[in-house]
1. If you take every DSSP beta bridge whose two residues both sit in the chain, what share of them, in percent to the nearest 5, is antiparallel?
2. Between V128 and D58, what is 0.36 nm times their sequence separation minus the Cα-Cα distance? Round to one decimal in nm.
3. What figure in square angstrom, to the nearest 10, would you give for the accessible area of H225 with a 1.4 Å probe?
4. Send over a whole-number figure in Å² for the accessible area per residue of the chain, probe 1.4 Å.
5. If you build the convex hull over the alpha carbons only and average its shadow over all orientations, what do you get for the chain? Give it in nm² to one decimal.
6. If I take the Cα coordinates of the stretch 88-128 and project them onto the principal axes, what are the three extents in Å, biggest first?
7. On the accessible surface of the stretch 1-44, probed at 1.4 Å, how many percent belong to carbon and sulfur atoms?
8. So, with +1 on the Cβ of K and R and -1 on the Cβ of D and E, and no other charges, what is the size of the charge dipole of the stretch 100-169 about its Cα centre, to the nearest 20 debye?
Amino acid sequence: MKDPRIAQLAKNLINYSIQLKPGEKVLIENFGLQKELVTELVKEAYLAGGYPFVSLKDHQVDRALIMGAQEEQFNMIADFEAHVMSKMDAYIGLRAGDNINEFADIPDDKIKLHGQTIGKKVHRDIRVPKTRWVVLRYPTSSMAQLAKMSTEQFEDFYFDVCNLDYSKMDKAMDALVELMNKTDQVRLTGENTDLTFSIKDIPAIKCSGQMNIPDGEVYTAPVRHSVNGVISYNTPSPYNGFTYEQVQLTFKEGKIIKATANDTDRINKLFDTDEGARYVGEFAIGVNPYILHPMQDILFDEKIDGSFHFTPGQAYEDADNGNRSTIHWDMVMIQRPEYGGGEIYFDDVLIRKDGKFVIPELEALNPENLK
């Protein structure tokens, strides 16, 4: 029997997230061969009057390609995929896999080349700024294991999160966007954390199901040289096939001047990728009421209720502080009491304490009001 929640998710993705219109082309790119959802997406795209195109990929196959490819081939792949992407009006990226560490043994220079060619030419230069796009995961037993749930329990959680009423969340975010757009100074506190920076004149952008599923964040960026202080992230953070833990960063005038982690040498090599890797490209506040604990999947973890993420690397064009890098690393700190608590201040006014918004205009974003 078909799970009706899959059909509902496909309908939401086509009609709400990318808002596909008659005559428009959508690329459905699937890592992991999740045929049920891909098939439903194709059907929904046709019902909307659109033209679906499907690309089926596999992480193990991609690993083999990246391991063997030289710069010339990376550029050829990038040109090929960029040509396809340039013809699209919309994009749905469906990710699933059995091993989050599939790329763990790929050499750093290969990962860097992949980011500088395919990552830049296809995604940063075309897909992100020039299409309506949404990226999501699909539930697997591997993801259930990371979330410390049974497979059935995780599937129920997944569809609660992904089929949430995002239009309701979208309206509730307006007040936070308005407040962030009026704010100059931000202060973040918590266990071994005291960080200050400015967000003055950098737009706040709400994310309510149009670009990620699951969703639930409002992001901006710090003024590039304004960040000072220390932050201690309290969630595991996978990047390029390695999971970093106990990450602590010290900032001076915007730059990471000290970084420690469970592998301090490795994390500093990552931050030495390019000049922009030691500066921050995003600050975002997470509000998804169903996502409470980290599961080593950033599409979920960055939306955790009562969290924020503070992201070394590339800034987004619609909230641009000028920082440029081949990395964009969303690292998460949860401020709910069971994770040590913490506060967010805007211009010296406390707006969130221990993960709960405490000023009336933002209370609609607390979890009891979003479910």
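1. Taking every DSSP beta bridge within the chain, about 70 percent pair in antiparallel fashion.
2. 23.0 nm
3. About 110 Å², rounded to the nearest 10.
4. In whole numbers, the chain has 43 Å² accessible per residue.
5. Average projection, Cα convex hull of the chain: 17.1 nm².
6. For the stretch 88-128, the Cα spread along each principal axis is 35, 25, 10 Å.
7. On the stretch 1-44, the fraction of accessible area on carbon and sulfur atoms equals 59 percent.
8. With Lys and Arg at +1 and Asp and Glu at -1, about 620 debye.
The values are calculated or read from the model by the stated rules, or taken from the named source; none is laboratory data. Keep in mind that this is a model prediction, so the values were computed, not measured. Here the Cβ is made from the backbone with ideal geometry for all residues, glycine too, and neighbour counts use every protein chain on show. Quick note on the areas: whole protein, heavy atoms, side chains included, nothing else; ligands and nucleic acids left out. Shrake-Rupley method; radii C 1.70, N 1.55, O 1.52, S 1.80 Å.
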